[in-house]
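Comments concern the structure below.
The values are calculated or read from the model by the stated rules, or taken from the named source; none is laboratory data. All values reported here derive from a predicted model rather than from experimental measurement. All Cβ positions, glycine included, derive from the backbone under ideal geometry; neighbour counts span all protein chains shown.
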Amino acid sequence: MFVGYFTERPYQDPNSGYFGATGRSITDLTMSNASYNPKLGAHLYNRYLDEKIFAEEMGFDGLMLNEHHSTPFCMGGVMNLEAAILARITKRAKIVLLGNILPIWDDPLFLAEELAEIDMISRGRLVTGWVRGTGRESVAHNAVAPYNWERFQEAHDFIIDAWTRPGPFRWEGEHYQFRYVNPWSRPYQDPHPPIWIPGVMSRNTVAWAARQRYPYVMLATELEPTKQSYEYYTEVAKEEGYETGTQHRGYLFKVHVDETEKLADEAGRKFVQGPSNPFLEGNQGTVRPFIQNLPGLTQRNNLLPTIKSFAAAASRGRADQHKEAKEEEKKPVEPPKPRDTYIDQTEKYSIISGTPDTVIPRVRHVLETLRPGSIFFWDGDGAMSHEDSMRSLRLMGQEVIPAVREMAKELDLKSPFEVDPKTNKPVEDISSLEESATTASLAD
Amino acid sequence: MSESDLFVEKSLKLETGTISYLEAGNGPTVVCLHHSWGSVGAIRLHELLAQSYRLIVPDMPGWGASERPLWARDVRDISILCGHFINQLDTPQVHLIGFGFGGYVAAELAVMNSQILDSLTLIGAPGLFPREGEILDQMMFSHRQYVKESFVDEATFIEQFGEEPSQAIRDVWDHSREMTARVAWKPYFFNRRLEPMLANLKTNTLLIWGASDKVVPRSVAEQYLKQLPNSNLHVLPNAGHLLELEWPEKVETLISEHINLNI
């Protein structure tokens, strides 16, 4: 079992007017950066890096970062820079990028170089992940929406070549052309860092990941549709002639641990407060459907079972298809605004918040239901303070992670670092974490 | 929006894909290129023009029922294909009319292939980087809102499309938006290489603009007027970007006068 830690790194400025319903528009991509305070930004970037260091000390195997642009809900516009800093200031944990938005890169050679440098500085601790991005990212960096999928695939193929094929060589693709590919930096890991693919809704991407035998990480989707999406991955794998295992499945979910149930309730509710994040279910942020659902970005009829979750569909500008999907099931359409979104989410395991005694059994339910080999606890988000995060991280380290490791043994949940997803054979050197830490200390 | 019985649905097979079009009337051949949001069939202006001319209204390659050239990446690609389409018609020259984005396609076609044109009419055409103002970016609006912005008043939008446009109309818009994005995402609705070349175009050109066009600024009309050696500009008062839907009779009169001067 691989246990990672994640937060969106929200830009928490209650004075901005973008912190909940203040009367100011909090619709995604309508908020002006005129309100941005770089001094607060400096404080927050350093806070989130400090929390990552503490997460490593508490025993997390991975520190996950993500990337969004032009928004207060995620400060990771230049995720690779944060990753490079973590590469130097942490010693053991994997640095998991879920993920770089390939189609918005006009120069994927630059990305290949950056990732190789991060892998070297961390001495082989990079796990790279690539996404297509929703419409908002195509708008923020002006990538041609209908070519999103083509660019994703070509950038992927190009980066793999740039990492593994001796240069110099020439690349004359449909979307990328380079007359001299010969990056003077290659990944520390051989042949290249592990590649995991995160996602929510695109069947194309799941099928593609399954064909490549890349682990697929479902991002905070509801349990049943997540299970069905894994099943789709397994179907494609069967067509490709291999069996899937826990090493192919990752899952990100919201977990907060606190000293008392009262504190857990107070902090857990902060998941749905703070900067308007349309990807945090129940948060007051909303998207503009026509931006999320840009022309040609994804195929209307090629969506995962997660379309049946209103929150997931709405955040992707797919509320109409959600309605259609629910009608097909002959079930009543879920109301878009639950009575108490926090309670609603705790009931369906979208948020798990409590003391270790109440959190551990609920985490077990998730593990038993989905059988993932890699999990990520999404915490410290919304309006949660540094103190909230630190209390939770400490208790995760002291009680939850050890319990999860025991469960994983019992349930036989193997991560991609224990069973190679490419071959389904045990990874011979499973002490890579310790080894890299040793190498680091020798060098330092 | 009624489709006249006069119009016949036809298609023309090019090696790059079949192009569908509507045809009606007799006389000098007039070809109309549609807006970025596609053709919704014959409109009142088409019916009026078909009384005096042989009118041809194609779905541009990639739009409507015409096959989508998946390789096309640029408005110029569409212009070249429209030129090939005109070349395949049984007439050496045509009078070309472009509405909005179709005007941009027509202008690109004209600078490459002016010998097939008897006259050119550009109506609210983008294609040039505006010296003043901005071309309204349809990608940052719901398409319903974008089309609504194209009229001077909302009542005309409702009259043309209803309070809620039908699923059929929305499907046309969806399909069209994707093709528009494929060839014109960036730069959005202009080509800095077009403006210098207009100076070489001798074709007599009529520019028609709505005085209240919120989609393509008037400065673009002035730029066309300045660059095109044989051009005239007519600005219709109380008209928006979709002035052919707002004032079909007035627009028909202007176009017919222009065509008749160039027969």
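Only one of A:Phe178, A:Phe152, A:Phe158, A:Phe73 is assigned to a strand (DSSP E or B) and either in contact with an Asp or Glu (Cβ under 9 Å, 6 or more places away or on another chain) or at pLDDT 95 or above (or both). Can you tell me which?
A:Phe178
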Residue list for region B:147-160, restricted to those being without any contact (Cβ under 8 Å) to a residue 40 or more places away in the chain and either under 17 Å from A:Leu297 (Cβ atoms) or within 19 Å of the chain's Cα centre (by Cα) (or both): B:Lys148, B:Phe157
Could you run through region A:142-155 and say how many residues are within 11 Å of chain B (Cβ to nearest Cβ) and not polar (S, T, N, Q)? 6
Kindly provide the set of residues from region A:359-384 that are in contact (Cβ under 8 Å) with a residue 60 or more places away in the chain and among the basic types (Lys, Arg), ordered by number. A:Arg371
When you scan region B:94-185 for helices (runs of 4 or more DSSP H) that lie fully inside it, which ones turn up with 3 or more residues that are within 14 Å of another protein chain (Cβ to nearest Cβ), among the charged types (D, E, K, R) and closer than 20 Å to B:Asp213 by Cα? B:143-149
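Name the residue, out of B:Val152, B:Val183, B:Val172, that is aliphatic (A, V, I, L, M) and modelled with pLDDT under 95. Step through it out loud before you land on a result.
Working: B:Val152 fails: modelled with pLDDT under 95; B:Val183 fails: modelled with pLDDT under 95.
Answer to the selection: B:Val172.
Output the helices (runs of 4 or more DSSP H) that fall wholly within region A:357-444 and possess 2 or more residues being farther than 30 Å from A:Pro278 by Cβ and modelled with pLDDT of 95 or more, or say none.
Correct list: A:401-411.
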Region A:131-166, subset under 20 Å from the mean Cα position of the chain (by Cα) and of a type in the set (Gly, Ala, Ser), residue nearest to A:Ser32 (Cα to Cα): A:Ala140
Against the definition (away from chain B (no Cβ under 13 Å), surrounded by 18 or more Cβ atoms within 10 Å (Cβ to Cβ), assigned to a helix (DSSP H, G or I) and at pLDDT 95 or above), how does A:Trp171 come out, yes or no? no
Please specify each residue of region A:355-392 satisfying the condition of being touching a strand residue (DSSP E or B) at 6+ places or on another chain (Cβ under 7 Å), within 24 Å of A:Lys94 (Cα to Cα) and of a type outside the set (A, V, I, L, M). A:Arg371, A:Pro372, A:Gly373, A:Ser374, A:Phe376, A:Phe377, A:Trp378, A:Asp379, A:Ser392
Out of the residues in region A:340-356 meeting the condition of being of a type in the set (D, E, K, R) and part of a helix (DSSP H, G or I), tell me which one is nearest to A:Tyr230 (Cα to Cα). A:Glu347
If you check A:Trp184 against the conditions, is it more than 25 Å from A:Gly4 (Cα to Cα), exposed (fewer than 12 other Cβ atoms within 10 Å of the Cβ), of a type outside the set (S, T, N, Q) and at pLDDT 95 or above? yes
Taking first residues from region A:159-177 that are free of Cβ contacts under 8 Å to residues at least 12 places away in the same chain and second residues anywhere that are charged (D, E, K, R), the pairs with Cβ under 7 Å that are 6 or more apart or on different chains are A:Arg170/A:Arg179
Filtered residues of region A:198-228 (kept if under 20 Å from A:Leu280 (Cα atoms) and of a type in the set (Gly, Ala, Ser)): A:Gly199, A:Ser202, A:Ala220
Subset of region A:256-271 (residues that are surrounded by fewer than 24 Cβ atoms within 10 Å (Cβ to Cβ) and of a type in the set (Val, Ile, Thr)): A:Thr260
If I filter region A:2-49 down to residues being under 23 Å from the mean Cα position of the chain (by Cα) and at positive phi, which single residue comes out as surrounded by the fewest Cβ atoms within 10 Å (Cβ to Cβ)? A:Leu29
The condition from (1) under 29 Å from A:Gln12 (Cβ atoms); (2) surrounded by fewer than 21 Cβ atoms within 10 Å (Cβ to Cβ) that A:Arg125 misses is numbered (2)
Matching entry among B:Ser52, B:Ser39, B:Ser20, B:Ser66 (being assigned to a loop (DSSP other than H, G, I, E, B), among the hydroxyl-bearing types (Ser, Thr, Tyr) and surrounded by fewer than 23 Cβ atoms within 10 Å (Cβ to Cβ)): B:Ser52
Scanning for something hydrophobic (A, V, I, L, M, F, W, C) and in contact with a helix residue (DSSP H, G or I) (Cβ under 6 Å, 6 or more places away or on another chain), does region A:183-193 turn up at least one residue? no
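If I ask for residues that are in a strand (DSSP E or B) and touching an Asp or Glu at 6+ places or on another chain (Cβ under 8 Å), which ones from region A:181-205 would you list?
A:Val181
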Which of the residues belonging to region A:357-404 are acidic (Asp, Glu) and surrounded by fewer than 19 Cβ atoms within 10 Å (Cβ to Cβ)? A:Asp357, A:Glu368, A:Glu387, A:Glu399
Quick check: anything in region A:240-252 of a type outside the set (Ser, Thr, Tyr), more than 18 Å from A:His68 (Cβ to Cβ), in a helix (DSSP H, G or I) and within 14 Å of chain B (Cβ to nearest Cβ)? no
May I ask you to say which residue of A:Thr128, A:Thr71, A:Thr90 is touching a helix residue (DSSP H, G or I) at 6+ places or on another chain (Cβ under 7 Å), touching a residue at least 60 places away in the same chain (Cβ under 8 Å), β-branched (Val, Ile, Thr) and away from chain B (no Cβ under 14 Å)? A:Thr128
